[in-house]
Amino acid sequence: LYEMATGKKAFEGKSQASLIAAILEHEPPPISSIQPAAPAAFDRVVRNCLAKDPDDRIQTAHDVKLELRAISEGSFSGAPAIAARSGARSRRELVAWGIAAAALVAAAWLGVSLARSAPTPPQRALRANILLPEKVFLNNAVISPDGTRIAFGGVDATGKVQLWVRPLDAYTATPLVGTEGGILPFWSPDGRYLGFFADKKLKRVEASGGGAPIVLADVDGLGGAWAPDGDIVFSQPSGPLFRLPAAGGKPEPATKLDVSRGETAHRYPFLLPDGRHFLYLALNLAGPRNDPANRIWVGSLEGDAARPLIPANFNAQYADGYLLFVRGGDFGGSLLAQRFDPARLEVSGQPVTIADQVGLYGDFLAFANYTVSEAGTLVYDASQLLTRLEWLDRTGRPMGVLGEPSSHFGSRISPDGSRVAVSMYDMRTQTTQVWVGDVSRGVKTRISSGEGSNAGPVWSPDGSRLAFQSDRKHQADIYVRPAGAGAEEAVTDEDGQRVPADWSKDGRYLLYWDREAAGSRLQQLMVMPMIGERKPFVFLPRSPNDFGFSIRFSPDGRWVAYDVDESGRREVYVVSFPDRKSKVQVSSNGGVGPKWTRGGKEIVYAAFDGKVMSVEISGSDELRVGTPKPLFQPPEGTFGWDVTADGERFLATVPVVKSSATPLSVVVHWAAGLKN
């Protein structure tokens, strides 16, 4: 407008810098000083358009048009008297003011466009840690859709499991009443409710803590997602995904297993932005970690054919144009992001690491502990579980530590008590390997070799050999090798997943846990003859109930102690071998992990509160069981132990850090680094 009225630019400079300085620091000469006939009101309109402070400027082109019209009609308040003009000149002025108004509209549009296209400072990822409640161990966490709250399952020092909610702008978490036993919570789209699984039921509860949980269905669930239309998609330990209304009802299948690919389970649905498609993990539970059937797929609530995405062994999620997934082993892995188009349902480009260490629940659960919100906030468990092997006497008094801290699990004491075989997680290779520790010297030596993970060592009765599980092939097999130097030998070599449990004291039988290759996750206890023809036979037939991994022969080989959840609560039993004609319950109020001591005169096991219990055993043909008595409470956080043959020393696997206040890692604008 200024240039059209005067024929001169409002601001001038010999360079871009001097021009910018003139715009910022100077005012243009009044229009009337160049064009004396110009109305003073017009000069004022232009000056208001050029005001340095945006708040002082005329806000819209429409307002300028109204003022220009008022000036042209001579009705502008305070306009000076102007000499009479000819009609032709008046028409020319009206045309000029109209062109000026049009130019102003164009200038306003250009200014808005430039403002929109002007570069803005790039977002930066902001990182922080938040603490869990004291003495509460994390199971898993999930962030609300708006990124303001975290719901998590936790277990306290007494073994009580429940759900908690922690706002990110608060210092404390609140337990949700009535969620005892709750695992794997998931949010409703509006953030008002949490769905979760407890007591083999799918329930929902208000995230604010108001009201008691409502049962939606009788299911043994393992992961869920809440669609905007109100349907809930959920998974079970095995089988396809299901869906049901959030108000409750009868679950209906949402996916279909492809048995030809070896699929036995679909897990951990995650809704995409359209609210109709969802990610899920397909697994062959009987196969090794890298089974070809293990893959992320995209399914549809409309029942469209599922589409494969990437090989994976853990749950995947989507956020901000990226597919998030994990590569790793038993104790930890790396979190990666790869470009994903939710409209085309396709991945592109190469994955990029966004977190080097994410906590994993490997083997059967196949769950990675991370969560991402629509608002761009990432939360993950970055802790690496370090443990020590600590000796305890029968009263629980510490007697020393074996070796240096590491990621130990599954320790087994040799028959003579001089050595310990232990599974240890290797962060460098992200695999589990078998090591043997010398008790007197306090040193450990790796004995497993080959590719993949090797775990679950079991001693031969003379202590010369070890049986262990390895997933180096397509299936998970049992291998045997010398406890020192020597070659390995495959004991099993067929589809399925097998874990050695115990070796009979006469050396004749190897007892192992078996899961079939396809179909359901039914399991059985098998026996492999180790002398003569190796033709396995069934000891305890396939069952939907979970057998514990601590399954032990009695010293005389006539009985087997194990725990199972067949009564709805895990209890310890003893059954005659191999005929199974006699069965006796050992624990009285729940128990796991039985071991024989004192020549078969005692069984020790863990109660639900973690205490080590002792039961006297007598008789031979007909077993007589005494009353369970507590021996001691292991150190806080102990999650496994073994005992010497005489029952005098216990080797406990104890967390190095006793405090359970392990921080969760929080990253706001997690994708900013990838985009910049």
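Which FRET efficiency, nearest 0.05, do Ser449 and Asp274 yield, Cβ-Cβ r, R0 51 Å? About 0.55, to the nearest 0.05. Under 18 Å of direct C-alpha separation, and excluding same-chain neighbours fewer than eight residues apart, Lys581 reaches these aspartates and glutamates: Asp556, Asp563, Glu566, Asp621, Glu622. Of the solvent-accessible surface of segment 394-444, computed with a 1.4 Å probe and all protein chains present, 52% belongs to carbon and sulfur.
If you take all other residues with their beta carbon under 11 Å from the beta carbon of Gly181, and give Lys and Arg +1 and Asp and Glu -1, the sum is +2.
Taking a point 7 Å from the Cα of Asp304 along the Cα-to-Cβ direction, none of the residues of segment 227-254 has its backbone N closer than 16 Å to it. Summing +1 for each Lys or Arg and -1 for each Asp or Glu among the other residues whose beta-carbon sits under 11 angstrom from that of Gly417 gives -2. For the chain, the longest principal axis of the Cα atoms and the long axis of helix 61-72 meet at an angle of about 10 degrees.
Accessible surface computed residue by residue for the chain, with neighbouring protein chains in place and a 1.4 Å probe, gives 46 Å² per residue.
In the chain, taking the dipole from charged Cβ atoms about the Cα centre, the farthest positive-side position among Pro655, Pro311, Ala51 is held by Ala51. Helix-only arithmetic for the chain: the sum of -39500 (n - 2.57) across DSSP H runs with n ≥ 4, divided by the residue total, places the mean residue ellipticity at 222 nm at -3500 deg cm²/dmol.
Ranking of His408, His26, His277 by solvent-accessible surface, largest first: His26, His277, His408 (1.4 Å probe, protein heavy atoms only, all chains present).
Stretched out straight at 0.36 nm per residue, the stretch from Gln59 to Asp146 would grow longer than its current Cα-Cα span by 28.0 nm. Placing +1 on each Lys and Arg Cβ and -1 on each Asp and Glu Cβ, with no other charges, gives the chain a dipole about its Cα centre of roughly 860 debye. Partners of Lys65 within straight-line reach, counting lysines whose Cα lies under 26 Å from its Cα and excluding those fewer than 8 residues away in the same chain: Lys8, Lys9, Lys52. For segment 125-175, with all protein chains in place and a probe radius of 1.4 Å, 58% of the accessible heavy-atom surface sits on carbon or sulfur.
Suppose R0 equals 30 Å; then what is the FRET efficiency for Ser440 and Phe549 from their Cβ-Cβ distance, rounded to the nearest 0.05? Rounded to the nearest 0.05, the efficiency is 0.60.
Take the Cβ atoms of Leu66 and Arg124, set R0 to 25 Å, and the FRET efficiency comes out at 0.05. The residue list Leu631, Phe547, Leu389 was ranked by how far each Cα lies along the charge dipole of the chain toward its positive end, using unit charges on Cβ atoms, and Leu389 comes out on top. Placing unit charges on the Cβ atoms only, positive for Lys and Arg and negative for Asp and Glu, gives segment 212-324 a dipole magnitude near 260 debye about its Cα centre.
The values are calculated or read from the model by the stated rules, or taken from the named source; none is laboratory data. Values in this document were obtained by computation on a predicted structure and should not be read as measured data. Please note: Cβ atoms are built from the backbone with ideal geometry, for glycine as well, and neighbour counts cover all protein chains shown. Protein only, heavy atoms only, side chains kept; ligands, DNA and RNA dropped before computing areas. Shrake-Rupley method; radii C 1.70, N 1.55, O 1.52, S 1.80 Å.
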